[in-house]
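Working notes, structure below.
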Amino acid sequence: MPTEPAAAEDRADPFTMTLFHSALRRDVTRVRLLLGDPGLSVRRRRRLGRHLQWVMAQLRWHHEGEDHSLWPVLLDRDPASRVVLDAMEAEHESLDGPLLALEAAARGLVADRATAADALAALDELEGPLLAHLTHEEQEGLEIVRRALSHREWQAFEKRAWIDGYTAADTLRFLRWIADGVRWRPDLVRRFGVPAALHWPVLKPLSRSARWPALTVWSGTPAARVPSAAGSTSSR
């Protein structure tokens, strides 16, 4: 990537990052609702375990992309940002243990070796530091992104670090997950990079996918009504 800071008129808009964060927050709430339901069926518990494993894999992939492909570039552009970027890496490392514990609990749900209480305990350990990290990254890390990168450079980073590792099926599943529960205002459609003509036939149905029994673990439960907060406070 080039080493010159972005021009003010073409700075990065890392909206997809805040969209990803919003999906994580939404799922933390949804998972807690299901695990706290005394009537949770064995079938749904196993399905929830598989979903949790997938989400934790996305989070790990996300962090690896940042650690290997984003923070070094930002540090090169803005050496004064070292304190914040070192904190980002340290927070990622501190999340590894709780993340592994929740993954183990999720596998246990699938194999009937763990209870909902076990998974809730693991979620309790991860939730606080994860949500604190997401907020810290949005308040300080993404400000460095906006200051240091052009939007074209940001898109190139996303493609290299995350998108190129996905199959078409992976991409469709991720798109459905990240769009779920978002109230798609026109400005959000534009920032997400989807042509406006695809809003109604694609994004709008995907935003309601939590209600589809064949696709998600949430359908038919109060968790399906938990929205994503994407775009509620962030604007370019």
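The values are calculated or read from the model by the stated rules, or taken from the named source; none is laboratory data. Bear in mind the structure is a predicted one, so any value in this text is a computation, not a measurement. No Cβ is skipped: glycine too gets one built from the backbone with ideal geometry, and neighbour counts run over all protein chains shown. We work out accessible area using only protein heavy atoms, side chains counted, and drop any ligands, DNA or RNA first. Shrake-Rupley method; radii C 1.70, N 1.55, O 1.52, S 1.80 Å.
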Notebook entry, point to check: helices (runs of 4 or more DSSP H) wholly in segment 46-155 with at least 2 residues that are within 25 Å of V31 (Cβ to Cβ) - which ones?
Noted result: 82-110, 116-136
Margin query: Residue under question is R113, and the condition is that it be open to solvent by 40 Å² or more (accessible area, probe 1.4 Å), within 30 Å of V84 (Cα to Cα) and at pLDDT 95 or above; does it hold?
Written below: no
Item checked: Lone unmet requirement of (1) in a helix (DSSP H, G or I); (2) surrounded by 15 or more Cβ atoms within 10 Å (Cβ to Cβ); (3) touching a Ser or Thr at 6+ places or on another chain (Cβ under 8 Å) for A229 -> (1)
Note to self: Criterion first (of a type outside the set (S, T, N, Q) and modelled with pLDDT of 95 or more) does F192 satisfy it?
What the structure shows: no
Item checked: Enumeration of residues in segment 28-45 that are open to solvent by 60 Å² or more (accessible area, probe 1.4 Å) and in a helix (DSSP H, G or I) -> T29, R32, L33, V42, R43, R44
Next item on the list: Among what's in segment 187-196 and is out of contact with any helix residue (DSSP H, G or I) (no Cβ under 7 Å at 6 or more places or on another chain) and loosely packed, with under 15 Cβ neighbours inside 10 Å, pick the residue that is farthest from V31 (Cα to Cα).
Entry: P195
Next item on the list: Select from segment 195-216 the residues that are over 18 Å from the mean Cα position of the chain (by Cα) and assigned to a loop (DSSP other than H, G, I, E, B) and write down the one among them that is farthest from R45 (Cα to Cα).
Entry: P195
Note to self: Suppose the filter is more than 23 Å from Y166 (Cβ to Cβ), modelled with pLDDT under 95 and open to solvent by 30 Å² or more (accessible area, probe 1.4 Å); does E93 pass it?
What the structure shows: no
Checklist line | Output for segment 46-85, where each listed residue is among the hydrophobic types (A, V, I, L, M, F, W, C), in contact with a helix residue (DSSP H, G or I) (Cβ under 6 Å, 6 or more places away or on another chain) and open to solvent by 40 Å² or more (accessible area, probe 1.4 Å) | finding: L75
Next item on the list: Specify which of the listed residues (A148, A132, A179) is closer than 26 Å to G65 by Cβ, under 17 Å from the mean Cα position of the chain (by Cα) and open to solvent by less than 20 Å² (accessible area, probe 1.4 Å).
Entry: A179
Next item on the list: Examine segment 100-115 for a residue that is touching a residue at least 40 places away in the same chain (Cβ under 8 Å), closer than 25 Å to D13 by Cβ and of a type in the set (K, R), and state whether such a residue exists.
Entry: no
Check: Are there any pairs, at least 6 apart or on different chains, whose C-beta atoms fall under 7 Å, with the first in segment 117-139 and in contact (Cβ under 8 Å) with a residue 12 or more places away in the chain and over 17 Å from L85 (Cβ atoms) and the second assigned to a helix (DSSP H, G or I) and open to solvent by 60 Å² or more (accessible area, probe 1.4 Å), and if so, which?
Finding: L123/R32; P129/S94; L131/R25
Margin query: List pairs: first residue in segment 85-98 and on the phi > 0 side of the Ramachandran plot, second residue open to solvent by 10 Å² or more (accessible area, probe 1.4 Å) and part of a helix (DSSP H, G or I) anywhere in the structure, Cβ distance under 9 angstrom, at least six positions apart or on different chains.
Written below: none
